[in-house]
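Worksheet: one structure, shown below.
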Amino acid sequence: MRIDIISAVPALLESPLNHSIVKRALDKGLVEIHVHDLRDYTEDKHNKIDDYPYGGEPGMVLTPQPIFSCVEHLQSERDYDEVIFTAPDGETFEQEHANKLSLKGNIMILCGHYKGVDQRVRDELITSEFSVGDYVLSGGELPALVITDAIVRLLPGVLGDAGSALNDSFQDGLLEGPVYTRPSDFRGLQVPEVLLSGNHKKIAEWKQQQAEKRTKERRTDLYKKFKKEH
């Protein structure tokens, strides 16, 4: 898989992409991630990539020219399955989206900035728009990193245990239940006996019950959807 991220502030992306699971995937050659600086594509003599919006609103807007030039340059070199724009008014990014995107070959992510991008960019270039929550950030770099991390960890060979991602919260419509590790007795606090029993059927039943219980308590919307589908 290849992921290209287009940003007005590429330095914001550097550190998170060079650590932990994403770095491991890069080192293994399981994914390529390329960051592109919009300023490398501007034709403005002052190296500007933004301008005031028509209509007299405050703030600045990313201009179309450098974005079109960057996207079209990349598309001239390879086909892209998705060109994603990160925006607060996009569709809420969920595990289902990460699952589907992890099966793609080439993905491009455009990070919004300032007051956003010229609408003509969204109309002509973008195939999907995602938000990571009902709040506004200074730019789309953090959402782009969230989307990238959610996708990359699903790629075969990235996680040490191939089944680990399948047990994550949201994969089956539920939150993941409580987890425990050694020691079984810590300051008098005991690990549930069923987890020490070795009875895989009972353990699986307990985990399902706990997942449903936690989801019902913390995310009634997810729980109602789960019960409706099951």
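Read the figures in this text as sums done on the coordinates, not as results from a lab. The structure presented is a predicted model; accordingly, all values stated were derived computationally and were not measured. Because the Cβ atoms are built from the backbone with ideal geometry, glycine has one as well, and the counts that use them run over all protein chains shown.
Here the spin labels are modelled as points 7 Å beyond Cα on the Cα-Cβ line, and at Tyr135 and Tyr114 they lie 2.5 nm apart.
Once the Cα-Cα distance is subtracted from the 0.36 nm per residue extended length, the Asn199 to Ser69 segment shows a gain of 40.8 nm.
Does the stretch 170-229 classify as rounded, prolate or oblate by the C-alpha gyration tensor (a ≥ b ≥ c root eigenvalues; a/c under 1.5 gives rounded; else a/b over b/c gives prolate, otherwise oblate)? Cα axes put the stretch 170-229 in the prolate bin. Listed values for the stretch 189-194 are Karplus-derived 3J(HN,Hα) couplings in whole Hz (6.51 cos²θ - 1.76 cosθ + 1.60, θ = phi - 60°), namely 8, 9, 6, x, 4, 4, and x replaces Gly and Pro. Applying a threshold of 24 Å to the alpha-carbon distances of Lys100/Lys225; Lys104/Lys207; Lys23/Lys216; Lys201/Lys227; Lys100/Lys213; Lys104/Lys216 flags Lys104/Lys207; Lys23/Lys216; Lys100/Lys213; Lys104/Lys216 as lying beyond it. Label sites at Thr92 and Leu30, each approximated as a point 7 angstrom past Cα along Cα to Cβ, lie 2.9 nm apart.
The charge dipole of the stretch 38-130, taken about the Cα centre with unit charges on the Cβ atoms of Lys, Arg (+1) and Asp, Glu (-1), comes to about 220 debye, rounded to the nearest 20.
Could you tell me the calculated FRET efficiency between Thr220 and Tyr180, based on Cβ-Cβ distance and R0 = 25 angstrom, to the nearest 0.05?
Numbers: r = 26 Å, r/R0 = 1.03.
Once the sixth-power term is evaluated, E becomes 0.45.
Antiparallel beta bridges, as assigned by DSSP with both residues in the chain, represent about 20 percent of the total such bridges.
Taking the centroid of alpha carbons for each part, the stretch 23-57 and the stretch 83-120 are 14 Å apart.
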